[in-house]
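Below is one structure, written out as structure tokens, with a few remarks after it.
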Amino acid sequence: MHKDKDRRILRYLQSDSTLSPAELAERCAISPQSAARRITRLEELGIIKGVTAQIDWQRLGYTVEVSLRFTLDKTHARAFDEFLEAARQVPEVLECQTFLGRVDLRLSVIARDMAHYQEIYRDRILTLPHIAEIEALMHVARIKSDESLPI
């Protein structure tokens, strides 16, 4: 296994996931068949989990993003599971994260405007189970949004 060639493929895919095996082969100085085999192997190993589209939510009219931090009532044995199961059903929730510490979970929520956010908050967020405390943090600007690793 030539890890340097795999790393080179991964570097190029991180910057442009639409590159074909032939384009990757040319950039990595390997054959297209070798590039295709390496990509398949990296997928089978779970290193490449998939290819996704990055959506500019603001261009689709979603101008409000809020991070909601939750502390749950952990007197219920299934508090985390039930909360996450319900949160996954809210279409405007882009991301769920769990933490160790005072804050148990964070949800990233998008809305078209403040009126829409208030509707989501009132009708979908406040009805989530086992909430003990909520803190809302309004996003002002995204300074860095990069999942690329220095490989």
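No lab work stands behind these numbers, since they all come straight from the coordinates. Keep in mind that what you see is a predicted model, and the values were worked out from it rather than measured. Cβ placement follows ideal geometry from the backbone for every residue including glycine, while neighbour counts extend to all protein chains displayed.
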Practice item. May I ask for the angle, rounded to the nearest 10°, between helix 32-44 and the longest principal axis of the chain, with both axes built from Cα atoms and the value confined to 0 to 90°? Key: 30 degrees
Exercise for review: Compute the length gained on full extension between Asp113 and Asp4: take 0.36 nm times their separation in residues and subtract their Cα-Cα distance, giving the result in nm to one decimal.
Suggested key: 34.6 nm
Review point. Which angle between 0 and 90 degrees, to the nearest 10, do you get for helix 3-15 versus the longest principal axis of the chain when only C-alpha atoms count?
Key: 50 degrees
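Counting other beta carbons within 10 Å of each residue's own, what order do Val109, Val51 fall into, fewest first? Don't skip to the end; give the middle numbers.
Details: Val109 23, Val51 9.
Ranking Val109, Val51 by Cβ neighbours within 10 Å, fewest first, gives Val51, Val109.
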Point to revise | Reachable lysines from Lys5, criterion Cα separation under 19 angstrom, eight or more residues apart if same chain | key: Lys49
Revision key, fill the gap. FRET efficiency for Leu100 and Arg59 from the Cβ-Cβ distance with R0 = 35 Å, rounded to 0.05, comes out at 0.45
Revision key, fill the gap. Fewest-first ordering of Cys96, Cys28 by Cβ atoms within 10 Å yields Cys96, Cys28
Study note, to complete from the structure: Counting only DSSP loop positions in region 66-151, the trypsin sites (Lys or Arg not before Pro) whose Cβ has at most 16 other Cβ atoms within 10 Å are Lys74, Arg78, Arg88, Arg102, Arg112, Arg142, Lys144
Point to revise | Compactness of the chain - radius of gyration and Dmax, Cα, Å | key: 20.4, 58
